[in-house]
Amino acid sequence: MKYLLDTHIWLWSLLTPEKLRTSVVQVLEDAKNELFISPITIWEALVLAAKGRIELTSSPDEWIVEALERSPVKEIPLSHAIAIKSRAIDLPHQDPADRFIAATAWEYDLTLITEDEKL
């Protein structure tokens, strides 16, 4: 199966894997699954680091490069279609990052892994 990881799922898998549900760990560890993240996830991680909401072991830029090297995720590109779909999604909030991530899952027919009940 193909999955899109929400930002917190990707960060938890790297920083605090004990926060992940067993079912999510099973998906992440199954080599038959393809795991993707949006460039928006990288942007959100950098914003969280700048705000001091996550603590990284090196500079944010270095940490992102290292994290991508050790994480089994692939980058999925943004597109005009995703931007359009991000406005068509009915979410209870206007968080642009959530809208882009949800629209990316929709555009590429990926199962979104998230703990965010609003998403």
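Residues in segment 5-22 that are part of a loop (DSSP other than H, G, I, E, B) and not polar (S, T, N, Q): Asp6, Leu20, Arg21.
Only residues that are touching a Ser or Thr at 6+ places or on another chain (Cβ under 8 Å) and not small (Gly, Ala, Ser): list them for segment 49-74, please. Walk me through it before giving the result.
Of segment 49-74, the ones touching a Ser or Thr at 6+ places or on another chain (Cβ under 8 Å) are 63, 66, 71.
Within segment 49-74, Trp63, Glu66 meet the criteria.
From the list Ser79, Ser86, the lone residue that is out of contact with any Phe, Trp or Tyr (no Cβ under 8 Å at 6 or more places or on another chain) and farther than 14 Å from Leu14 by Cα is Ser79.
Only residues that are among the β-branched types (Val, Ile, Thr) and surrounded by 11 or more Cβ atoms within 10 Å (Cβ to Cβ): list them for segment 19-59, please.
Pass one, segment 19-59, residues among the β-branched types (Val, Ile, Thr): 22, 24-25, 27, 37, 40-42, 47, 54, 57.
Selection gives Val24, Val25, Val27, Ile37, Ile40, Thr41, Ile42, Val47, Ile54.
The set of residues in segment 72-115 being in a loop (DSSP other than H, G, I, E, B) and either crowded, with 16+ Cβ neighbours inside 10 Å or in contact with a strand residue (DSSP E or B) (Cβ under 8 Å, 6 or more places away or on another chain) (or both) consists of Pro72, Ile76, Leu78, Asp109, Leu110, Thr114. Scanning segment 23-48 for residues that are free of Cβ contacts under 8 Å to residues at least 12 places away in the same chain and part of a helix (DSSP H, G or I) yields Ser23, Val25, Gln26, Glu29, Val47.
Checked against the criterion of being closer than 16 Å to Tyr3 by Cα, touching a helix residue (DSSP H, G or I) at 6+ places or on another chain (Cβ under 6 Å) and not β-branched (Val, Ile, Thr), segment 48-67 contains not a single residue that satisfies it. Is it true that some residue in segment 39-48 is over 10 Å from the mean Cα position of the chain (by Cα) and within 18 Å of Pro17 (Cα to Cα)? Yes: segment 39-48 contains one or more residues that are over 10 Å from the mean Cα position of the chain (by Cα) and within 18 Å of Pro17 (Cα to Cα). Within segment 56-71, the set of residues being assigned to a loop (DSSP other than H, G, I, E, B) and free of Cβ contacts under 8 Å to residues at least 12 places away in the same chain comprises Leu56, Thr57, Ser58, Ser59.
Bear in mind these aren't lab numbers, they're just calculated from the coordinates by the rules spelled out. Everything numeric here is computed off the predicted structure, so don't read it as measured data. Quick reminder, even Gly has a Cβ in these numbers, built from the backbone with ideal geometry, and neighbours come from all protein chains shown.
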